[in-house]
Amino acid sequence: MTRASLTVPAGLVLLVSGALGTWFLNRYFPNARFLRAGYALMACGGLLFGAWGISRALAVGVAAAVCVAIGAIAGAIGALRKELRTGISP
């Protein structure tokens with residue numbers, strides 16, 4: 001198996017789960033700004049990972065990893081802020 005054959009499906013999984021998470025939070029928890037941003041960055045990172053698997057450019061891979069890492073930090077901030085509580089507006 002080549003690296004591209006594993007990286008592209010992994011990027012697709014990140015893209016789909018990030019997009020669905022963003023949609024869900026936007027629909028049911030509109031005040032969850034940091035969590036929504038984290039999922040959106042995860043989707044962007046998945047898109048970049050897929051592009052990295054195809055292009056094999058190091059800069060694209062580094063950008064994908066940085067994008068997912070910043071998304072994880074944003075999601076952790078959202079979880080610490082307890083953004084999913086109902087009835088509370090920050």
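Computed from the coordinates by the stated procedures, all read-outs in this text should not be read as laboratory data. The structure presented is a predicted model; accordingly, all values stated were derived computationally and were not measured.
Based on C-alpha coordinates, I'd like the Rg and Dmax of region 3-80, in Å.
Cα radius of gyration and Dmax of region 3-80 are 12.7, 39 Å respectively.
Quote to one decimal, in nm, the extra length available between VAL62 and LEU6 on full extension: 0.36 nm per residue of separation minus the C-alpha distance between them.
Between VAL62 and LEU6, full extension yields an extra 18.5 nm.
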